[in-house]
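K.L.:
Take a look at the following structure, please.
Quick note: the coordinates plus some simple rules give every number you see, no bench work behind them. Computed from a predicted model, the values in this text were never measured in an experiment. Using ideal geometry, Cβ is built from the backbone for each residue, glycine included, and neighbour counts are taken over all protein chains shown.
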């Protein structure tokens, strides 16, 4: 079933990322190849802020705000925001993120490339 899920998400061109509470990437779906040019293995173990096109402080602040909102509002189990991410080749892509916080403090995120919409 996991393989089927991975294939479906890859065909939909959706980024799927799991990030530990400290920001370390522990899972990346295969569609990261098409969207950002990385192999999933290239991102594992790195802090997510490393790939921000903005100053890393900006992404850290966004993650901290999201974390606080999810912790302080039990009724909220997901948040959305848009951030620029650097591709493997140094280009910037706008990604619309939907993230949720797990009970262990980690985050799961689904990202959509909205770069074309941002250019319009």
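K.L.:
Test of understanding: ordering 43, 103 by Cβ neighbours within 10 Å, fewest first, what list do you get?
P.N.:
Numbers: 43 19, 103 5.
Exposure proxy ranking, most exposed first: 103, 43.
K.L.:
Would you list 89, 96 from fewest to most Cβ contacts within 10 Å? Walk me through the intermediate numbers first.
P.N.:
Values: 89 8, 96 16.
By the 10 Å Cβ count, ascending: 89, 96.
K.L.:
OK, next. If we count other beta carbons within 10 Å of each Cβ, what is the order of 112, 27, fewest first? Don't skip to the end; give the middle numbers.
P.N.:
Values: 112 17, 27 14.
If I rank by nearby Cβ atoms, fewest first, I get 27, 112.
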